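Here is the structure we will look at.
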Amino acid sequence: MQSIPEKLELFDRLMLSDATRARNAILDQLRSESDAAFERTKDEIEREASLACQKDIRRITAEKESRLSKANMNAKKMLINARSEILDSILGDLCQKLESFTETAQYRRFMEKNVGEALARAGLPEKGEADGKIEADGRGYYIIFTPRDYGEYSDEALKYARGLQVRTGGSDMIGGVIVENLNSGVFIDNTLRTKAQLCADELFQISRLTIGG
């Protein structure tokens, strides 16, 4: 039979062993909970970091697209301004040459063709001889000359049709004529100014100096 001291020693050992197991169990639980909390915290930090990174990426992308859009708009504005300046320069040169052309002997032949062409495009019949005059009815039609050409070619123009009326336009026409019929809405611009503008536009098409999208 065990003595009391032996029983006490055994009790102490048993109590110590139970305490140790309990401590170890608590430590294991704490360690497990700590590891789980750490993983949760780590995952939360990673999610927040990912969201922040995505926000930064979206913000940076938006800023980049905005800056590219502004740069593209500025480039187009510069191209438009450059095109306008070049067109004005070309048009100015052409108009000066055409102004000089109106003072040459070849201009009269040009005007005879120009007047007939404009009237034909306006819908008047082809020229026919009847005592030197056209048999077409030109009532309601107006043929418009520059102030300088009015005195030189108006009488000749009246031979093309009965009732045709002659007016003066602006000197900015340079040369050539305009034919219009207010009743039918016909408007034929056969002026040298318009021909110069069309020539300049065609030059830009050929040289590809156009505004792209």
note = Note, the range 92-107: 3J(HN,Hα) by Karplus (6.51, -1.76, 1.60, θ = phi - 60°), whole Hz, Gly/Pro = x, goes x, 5, 4, 5, 5, 5, 5, 4, 5, 4, 5, 9, 9, 5, 5, 5
task = Mind ranking 170-180, 38-48, 191-201, 150-160 by how tightly packed they are, going by the mean number of other C-beta atoms within 10 angstrom, highest first?
result = 170-180, 191-201, 150-160, 38-48
request  = Rank-order 51-60, 138-147 by packing density, defined as the average count of other C-beta atoms within 10 Å over each peptide's residues, highest first.
outcome  = 138-147, 51-60
task = Note down the net charge around Ala157, summing +1 for each Lys or Arg and -1 for each Asp or Glu among other residues with Cβ under 11 Å from its Cβ.
result = -3
ask   = What residues qualify as long-range amide H neighbours of Thr191, i.e. H under 5 Å apart, gap of 5 or more or another chain, H built at 1.01 Å from N?
value = Val177
request  = Please give the net charge around Thr146, taking every other residue with its beta carbon less than 15 angstrom from that of Thr146, where Lys and Arg add +1 and Asp and Glu add -1.
outcome  = -2
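Here, each number is a calculation from the coordinates, and none is a lab measurement. Please read all numbers here as calculations on a predicted model, not as lab measurements. Glycine also receives a Cβ, built like all others from the backbone with ideal geometry; neighbour counts cover every protein chain displayed.
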